[in-house]
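Working notes, structure below.
The values are calculated or read from the model by the stated rules, or taken from the named source; none is laboratory data. Just so you know, these numbers come straight off a predicted model, no measurement behind them. Reconstructed Cβ throughout: ideal geometry from the backbone, glycine too, with neighbour counts over all protein chains shown. For accessibility, only protein heavy atoms count, side chains too; no ligands or nucleic acids. Shrake-Rupley method; radii C 1.70, N 1.55, O 1.52, S 1.80 Å.
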Amino acid sequence: MKNILEVRDVHLSFGGLVALNGVNLQLREGEILALVGPNGSGKTSLLNCICGFYRPQKGSIIYRGEEITRTPPHVRAEKGIGRVFQTPYIFHGTVVDNIMVGYITQNRNMMKLMTLKSTIEARKKAEELIEFVELEIYRNSPAHGLPMGIRKRIELARVLMWDPDILLLDEPTSGLSIDEKRDMARFILELNEVQGKSILLVEHDLSLVHDIAHRAVVMDAGVEIAEGTPEEVVNNPEVIKAYLGE
Ligand SMILES: Nc1ncnc2c1ncn2[C@@H]1O[C@H](COP(=O)(O)OP(=O)(O)OP(=O)(O)O)[C@@H](O)[C@H]1O
Ligand SMILES: [Mg+2]
């Protein structure tokens, strides 16, 4: 399988704190790759380097064979990289409004945005996505104050507004009930299997990783320490040591 994304020897530090210490990772076209590791191991920092929020001091990010290490975040989004955050960003306004915001990412020409045609187009797409994430009954509710399970779906739908080819999902099931986790897993599987999206999934729930990921990479202290099928990875002694300590 072809690599859609490659992370090569990425180093990132904040002052004296080394968050990423030479990370290498390949996301293959059409796969769900889980990224697991203890708290503070650098998973979110790596997603930030891939989507362009952080600029690594060394190393490169290659997307579809093109180096994008210094490409601004909105250009990476236009190229097809979608990012979902660990804590959802919710703005004042309804659920529909919160999803429609994603349209701006792909259509930054404000003149075009203000046309009736684009408003209708954005609205139509948002309605389709509301159905996809099964939020019909919340469509016109104020988004503020809705429970975490709903906020996570809003954020997923917002990113899907620009139809990305790869999705960087940062703990999409954290804080969710078992039923909500199952729903989220179903959306992720459909995005992968039916829509063909390649997915990099940061996830602490190893049973969920086992159920939906094709492959897993384990990070500890800013480097990848293991790679393989989910079964291989959870039985790897290095991984057990990283999780449980010496
Ligand atoms: N903006 C920042 N400024 C300073 N330090 C940061 C910043 N972002 C991350 N770090 C540090 O980098 C290290 C890696 O953090 P990161 O958030 O990437 O870990 P993580 O694997 O996502 O952890 P978690 O599972 O808790 O989400 C941590 O020591 C963290 O404190
Ligand atoms: Mg994190």
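Just checking, how many residues over the range 19-57 are surrounded by 23 or more Cβ atoms within 10 Å (Cβ to Cβ), of a type outside the set (Val, Ile, Thr) and more than 15 Å from ligand 2 (Cβ to nearest atom)?
Residues in the range 19-57 being surrounded by 23 or more Cβ atoms within 10 Å (Cβ to Cβ), of a type outside the set (Val, Ile, Thr) and more than 15 Å from ligand 2 (Cβ to nearest atom): 2 in total.
Restricted to the range 187-246, and to residues that are polar (S, T, N, Q) and out of contact with any strand residue (DSSP E or B) (no Cβ under 8 Å at 6 or more places or on another chain), which residue is nearest to ligand 1 (Cβ to nearest atom)?
Initial filter on the range 187-246 (polar (S, T, N, Q)): 192, 195, 198, 207, 229, 235-236.
In the following step, the residues that additionally are out of contact with any strand residue (DSSP E or B) (no Cβ under 8 Å at 6 or more places or on another chain) were identified as 195, 207, 235.
Numbers: Gln195: 26, Ser207: 17, Asn235: 21 Å.
Going through the qualifying residues, I end up with Ser207.
Does the range 80-97 include one or more residues that are open to solvent by less than 50 Å² (accessible area, probe 1.4 Å), over 19 Å from Met219 (Cβ atoms) and in a helix (DSSP H, G or I)?
Yes; the residues of the range 80-97 include at least one that is open to solvent by less than 50 Å² (accessible area, probe 1.4 Å), over 19 Å from Met219 (Cβ atoms) and in a helix (DSSP H, G or I).
Select from the range 133-154 the residues that are surrounded by 16 or more Cβ atoms within 10 Å (Cβ to Cβ) and touching a helix residue (DSSP H, G or I) at 6+ places or on another chain (Cβ under 8 Å) and list them in ascending order. Break it down stepwise before answering.
Start the filter on the range 133-154 by keeping residues that are surrounded by 16 or more Cβ atoms within 10 Å (Cβ to Cβ), which leaves 133, 135, 138, 143, 146, 149-154.
Matches in the range 133-154: Val133, Leu135, Tyr138, Ala143, Leu146, Gly149, Ile150, Lys152, Arg153, Ile154.
Can you work out which of the residues in the range 191-207 that are more than 13 Å from the chain's Cα centre (by Cα) and at pLDDT 95 or above is most open to solvent (accessible area, probe 1.4 Å)?
We begin by selecting, within the range 191-207, every residue more than 13 Å from the chain's Cα centre (by Cα); these are 193-196, 204-207.
This time we only want the ones that are at pLDDT 95 or above, so: 193-196.
On the way: Glu193: 135, Val194: 109, Gln195: 89, Gly196: 47 Å².
Across the range 191-207, the extreme among qualifying residues is Glu193.
Being modelled with pLDDT of 95 or more, open to solvent by less than 10 Å² (accessible area, probe 1.4 Å) and either under 16 Å from the mean Cα position of the chain (by Cα) or not aliphatic (A, V, I, L, M) (or both) is true for just one of Ile188, Ile130. Which residue is that? Please lay out each step first, then the result.
Working: Ile130 fails: either under 16 Å from the mean Cα position of the chain (by Cα) or not aliphatic (A, V, I, L, M) (or both).
Residue meeting the stated conditions: Ile188.
List pairs: first in the range 167-180 and within 14 Å of Leu208 (Cα to Cα), second polar (S, T, N, Q) and more than 12 Å from ligand 1 (Cβ to nearest atom), Cβ under 8 Å, 6+ apart or cross-chain?
What qualifies is Glu180/Thr173.
Which of the numbered conditions does Gly16 fail, given that it passes all the others? Conditions: (1) under 18 Å from the mean Cα position of the chain (by Cα); (2) more than 16 Å from ligand 2 (Cβ to nearest atom); (3) open to solvent by 10 Å² or more (accessible area, probe 1.4 Å).
Among (1) under 18 Å from the mean Cα position of the chain (by Cα); (2) more than 16 Å from ligand 2 (Cβ to nearest atom); (3) open to solvent by 10 Å² or more (accessible area, probe 1.4 Å), the lone unmet condition for Gly16 is (1).
Just give me the residues in the range 196-235 being among the polar types (S, T, N, Q) and either closer than 21 Å to Pro172 by Cα or touching a Gly at 6+ places or on another chain (Cβ under 7 Å) (or both), in sequence order.
We begin by selecting, within the range 196-235, every residue among the polar types (S, T, N, Q); these are 198, 207, 229, 235.
Result: Ser198, Ser207, Thr229.
If I ask for residues that are within 23 Å of Met1 (Cβ to Cβ), among the aliphatic types (A, V, I, L, M) and part of a helix (DSSP H, G or I), which ones from the range 212-246 would you list?
Passing the criteria: Ile212, Val233, Val234.
Being over 24 Å from Val202 (Cα atoms), among the β-branched types (Val, Ile, Thr) and modelled with pLDDT of 95 or more, is that true of even one residue in the range 150-158?
Checked the range 150-158: no residue is over 24 Å from Val202 (Cα atoms), among the β-branched types (Val, Ile, Thr) and modelled with pLDDT of 95 or more.
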